[in-house]
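**Student:** Dumping the structure here so I can ask a few things about it.
Please treat every number below as a calculation from the coordinates, not as lab data. If you're wondering where the values come from, they're calculated on a predicted model, not measured in any experiment. As a convention, Cβ positions derive from the backbone with ideal geometry for all residues, glycine included, and neighbour counts pool all protein chains shown.
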Amino acid sequence: MANHKSAIKRIRQTEKRRVYRRYYAKTMRNAVKKFRLITDKEEATAQLPKVSSMLDKMVSKNIIHKNKAGNLKSKLARKANALG
């Protein structure tokens, strides 16, 4: 167990951040999974900006790295364009 006040506070902060980031990361992963299951082109083109925006927000909140967000957005855009 931590012996210093600052270490105890740091443990509290870390746990709080972990839970916060875990929730948003899971929400993001679920949105990406749902998008990948879409088979209709119109629905995909409507959802793509929303999912892309969500990924950008995750970058700004330090949930994921900006390159990961870029890679995901690229893959999702290709999927949307491939639908016929």
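**Student:** Determine which single condition Ile63 fails, assuming it passes every other condition in (1) free of Cβ contacts under 8 Å to residues at least 24 places away in the same chain; (2) in a loop (DSSP other than H, G, I, E, B).
**Tutor:** (1)
**Student:** Moving on to the next point. Where residues in the range 27-51 are among the polar types (S, T, N, Q) and surrounded by 11 or more Cβ atoms within 10 Å (Cβ to Cβ), which of them is farthest from the chain's Cα centre (by Cα)? Outline the logic, then answer.
**Tutor:** Start the filter on the range 27-51 by keeping residues that are among the polar types (S, T, N, Q), which leaves 27, 30, 39, 45, 47.
Filter once more, keeping what is surrounded by 11 or more Cβ atoms within 10 Å (Cβ to Cβ): 27, 45, 47.
Working: Thr27: 7, Thr45: 19, Gln47: 15 Å.
Only one residue tops the list, namely Thr45.
**Student:** Among residues belonging to the range 1-26 that are among the polar types (S, T, N, Q) and part of a helix (DSSP H, G or I), point out the one that is surrounded by the fewest Cβ atoms within 10 Å (Cβ to Cβ). Explain how you work it out, then say what you get.
**Tutor:** Narrowing the range 1-26 to residues among the polar types (S, T, N, Q): 3, 6, 13-14.
When the remaining residues are screened for being part of a helix (DSSP H, G or I), the result is 6, 13-14.
Details: Ser6: 8, Gln13: 10, Thr14: 10.
If we take residues in the range 1-26 being among the polar types (S, T, N, Q) and part of a helix (DSSP H, G or I), then Ser6 is surrounded by the fewest Cβ atoms within 10 Å (Cβ to Cβ).
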